[in-house]
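Notes to accompany the following structure.
What follows draws every value from the coordinates through simple rules; no lab data is involved. The shown structure was predicted, so the numbers you read here are calculated from the model rather than taken from an experiment. Methodologically, a virtual Cβ is constructed for each residue, glycine included, from the backbone with ideal geometry; neighbour enumeration extends over all protein chains shown.
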Amino acid sequence: MLANNFDHGIHSGSKSINESVNGSHDFTIKGYSLAKGMGAGKYISSDTFTVGGYDWAIYFYPDGKNLEDNSTYVSVFIALASDGSDVRALFELTLLDQSGKGKHKVHSHFDRALESGPYTLKYRGSMWGYKRFFRRASLESSDYLKDDCLSMHCTVGVVRNRVEGPKHVTISIPSSDMGQDLKYLLEAEIGCDILFRVADETFKAHKLILAARSPVFRAQFFGLVGNPNMDEVELEDIEPSVFKAMLIFIYSDTLPDPQQLTGSMSTSTSTNIIQHLLAAADRFGLDRLKQLCEAKLCEEVNVDTVATTLSLADQHQCSQLKGICLKFASTNLGAVMQTEGFKYVEETCPLLLSELLETVASDERSGEGALTRKRSGSSIIGLDLAYMVLEGDPNVRRARRRL
């Protein structure tokens, strides 16, 4: 008894694809009447053009290709003008109507099925076309001839075959780990050449990496008045946790998690870190970090933080963040005015309060204030309180008169 050695678990497949590579050429014959009388079998040739890796040309026979037709017809052919054998192709010849009516004379393989398939050209000089393309007397009295000029459009489609099989090998490309590698240098303090003193903490880093990322550090270490031999810098007006977060971004190009830096799960603590980090990003010219902080603060805006975030956005020219804060504060004005942040803005940023007043009034005019009043009565009280609080400032009085 013979054992069945066929492994039915092995399967393979492939696909044969036949397609045409198409190209076109426009051929114009000026002085048609001067071409007549060349004699049967004599032709005018277009310039050669390339389609599908082969050269082609259009042959126009003003006295016809066949001697026996006695110049009754004009003949048009498309010829293979380069070396090749068994070149399979589709063709389209169009004699253009020059009256503007669009009644072109078209002979095409492309818009109909061919019983015998594409035409095969055996060798260089092989042609496809029509010996009796057009009766010459009819052509000369038609709209195809204008100002003794004929125009033709030719399209050639060279047939190609390719086989697609299964992809046996695929190579997985990992995502970039450059940021992780640079961050490791920072954390492991490998090759560091600069020490930062921030309050009672120290941080080691690499001057070249800092200079590559920050124009401020670049000027400090390698600028005209910089000191490339500097090995220690003392920074003021920045918290150690904020400077650490900024260093992590410089090396990794990612926004660090504030909760991991502080060990606190508090949203207010997280927002505070991001606010200070935005200020640091602006100070050291880290535009991407600044935008990341701006986006994060937009997500976390609330009644307790909106006033301080608004002040920060105004100070550091964060127009989108400022607009969002103004809108939020206007909508929740009553509650916002009870916060410590609002009191700080009231004391230090009177012009910012006038912008808030303009936003409130604009919302009222657009009807958004009416929707707010339906949602919360405290906003009505807040609006009245805002006018009372802001009335003492001359800038605000001018803003209110404009409104």
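Summary table below
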read-out: Linear extension gain, D181 paired with R365, 0.36 nm per residue minus alpha-carbon span; value: 60.7 nm
read-out: Mean separation of Cα contacts under 8 Å (6+ apart) over length of the chain, as relative contact order %; value: 11 percent
read-out: Region 129-148 residues near the modelled K36 label - backbone nitrogen below 20 Å, point 7 Å along Cα→Cβ; value: 131-148
read-out: Estimated FRET transfer efficiency when R0 is 25 angstrom, pair K343-D237 (beta carbons, to 0.05); value: 0.65
read-out: All aspartates and glutamates inside 16 Å of K146 as judged from Cα atoms, apart from same-chain residues fewer than 8 positions distant; value: D97
read-out: Proxy reagent accessibility, fewest Cβ within 10 Å first, across D181, D304; value: D181, D304
read-out: Cα-based reach from K15 at 18 Å (exclusive), listing aspartates and glutamates while leaving out same-chain residues under 8 positions away; value: E164
read-out: 16 Å reach of a label modelled at S85, 7 Å along Cα-to-Cβ, counting backbone N of region 105-147; value: 120-126
read-out: K131-E164 FRET efficiency (beta carbon distance; Förster radius 41 Å; 0.05 resolution); value: 0.50
read-out: Residue-averaged [θ]222 nm for the chain, counting only DSSP H segments that reach four residues, each worth -39500 (n - 2.57); value: -12000 deg cm²/dmol
read-out: Size of the chain as Cα extents on the principal axes (Å, biggest first); value: 107, 79, 70
read-out: Net charge of neighbours whose Cβ lies under 9 Å from the Cβ of N66, counting Lys and Arg as +1 and Asp and Glu as -1; value: +1
read-out: Overall form of region 24-163 per C-alpha gyration tensor (a/c, 1.5; a/b vs b/c); value: prolate
read-out: Cα-only radius of gyration and Dmax that characterise region 13-107, units Å; value: 16.5, 61
read-out: Hull volume in cubic angstrom per residue (convex hull over the Cα atoms of region 266-352); value: 85 Å³
